[in-house]
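Values quoted throughout were computed directly from the atomic coordinates according to the rules given, and no laboratory measurement underlies them. A quick note: this is a predicted structure, and the numbers were derived from the prediction, not measured. Cβ placement follows ideal geometry from the backbone for every residue including glycine, while neighbour counts extend to all protein chains displayed.
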Amino acid sequence: MPRLSADRRHVVQFTLNGTPVSSDAEPRMLLSDFLRQVIGLTGTHVGCEHGICGACTVEIDGRASRACLTLAVQIQGADIRTVEGLAPEPDRLSVLQECFRAHHALQCGFCTPGILISLNALLRDQPEASEAQIREALAGHLCRCTGYVSIMQAALAAQQRLGKKTHA
C-alpha cells in the first residue's frame, strides 16, 4: 500500500517506460491525469473518460489497460508503458510506428497512441495473431478519421516485419 504524505497525497513508486519513478498523487486522481499533469507525458490522450474510446490506453504490467479507469495509486510497484516508450531510441520509431507512418494510418492522431499501445501488446504477445484478432484488439478504439482500413494495413505490415525479425 502506498504511504501517505503530509497533505494526504499518496507517494506512488513505479517503473515508467523502463525508468523508476516516484511521485505524489491525490487518492482519487486518474492515471491518465497523473501521467499528463504530474509526470508531464502528454502522449496518453483523454477522450471519453469512461473507458470506451481507447485513447488513454497504456500498458500496465504488460497488459493494455485504460488509464481513465485506473487510479494513479493503483499503479504502485507496476511497470507502465506509454506511447512515449514505444520508440527504441529518441530519434527512431518502432516498427509499428514506422508502419503507421508508411500506411498513413493516422489523420488527426488523437486515437493513435491508444491504438499503438493495444497493437504493440497484441503483436508482442501473439505475433501470429489472425486478422480477426487484430480487428478485435481495435474494436475497443474509436477513430473518427481513418475508417480503420489504413490502420489494419499498418498492423498487418508491422506483423509481417516483426515476424521476419524473429525468423532471421
Given unit charges at Cβ for Lys, Arg (+) and Asp, Glu (-), the dipole magnitude of the stretch 10-85 about its Cα centre in debye, nearest 20, is 120
List, largest first, the extents of the alpha carbons of the stretch 95-167 along their principal axes, each in whole Å.
36, 23, 17
Roughly what would the spin-label model give for ALA139 and LEU93, points 7 Å off Cα along C-beta, in nm?
2.8
Nearest-5 percent of antiparallel DSSP beta bridges in the chain?
90
Using alpha-carbon pairs under 8 Å, 6+ residues apart, how would you state the relative contact order of the stretch 95-167 in percent?
51
Counting just the Cα atoms, what span does the chain cover along each of its three principal axes? Round to the nearest Å and put the largest first.
52, 36, 28
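In a shell of Cβ-Cβ distance under 9 Å around THR44, excluding THR44 itself, what net charge do Lys and Arg (+1) and Asp and Glu (-1) give? Provide the component values of the computation, followed by the final result.
Working: positive: ARG36; negative: GLU84.
Here the charged neighbours net out to 0.
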Under a Cβ-only charge scheme (Lys and Arg +1, Asp and Glu -1), can you give me the dipole magnitude of the chain about the Cα centre, in debye to the nearest 20?
120
Normalised by the number of residues in the chain, what is the relative contact order in percent for Cα pairs under 8 Å and 6+ residues apart?
22
Cα atoms only: what Rg and Dmax, in Å, come out for the stretch 10-85?
10.9, 30
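Do you know the relative contact order of the stretch 10-85, to the nearest whole percent, from alpha carbon pairs under 8 angstrom that are 6+ apart?
In percent, rounded to a whole number, it is 40.
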Hey, in the GNM for the chain with a 10 angstrom Cα cutoff, which one of HIS45, HIS104, HIS141 fluctuates hardest?
HIS104
In debye, nearest 20, what is the charge dipole magnitude of the stretch 95-167 about its Cα centre with +1 on Lys and Arg Cβ and -1 on Asp and Glu Cβ, if you could check?
200
If one computes the Cα centroid of the stretch 71-110 and of the stretch 3-60, what distance in Å separates the two points?
16
Given the rule -39500 (n - 2.57) for each run of at least 4 DSSP H residues, summed and divided by the residues of the chain, what is its mean residue ellipticity at 222 nm, to the nearest 500 deg cm²/dmol?
-9000 deg cm²/dmol
Find which of PRO90, TYR148, VAL73 sits farthest along the positive direction of the dipole of the chain, computed with +1 on the beta-carbon of Lys and Arg, -1 on that of Asp and Glu, about the Cα centre.
TYR148
With springs only between Cα atoms under 10 Å, which of VAL12, VAL58, VAL38 fluctuates most in a Gaussian network model of the chain?
VAL38
Gaussian network model of the chain, springs between alpha carbon atoms under 10 Å - residue of GLY109, GLY40, GLY51 with greatest fluctuation
GLY40
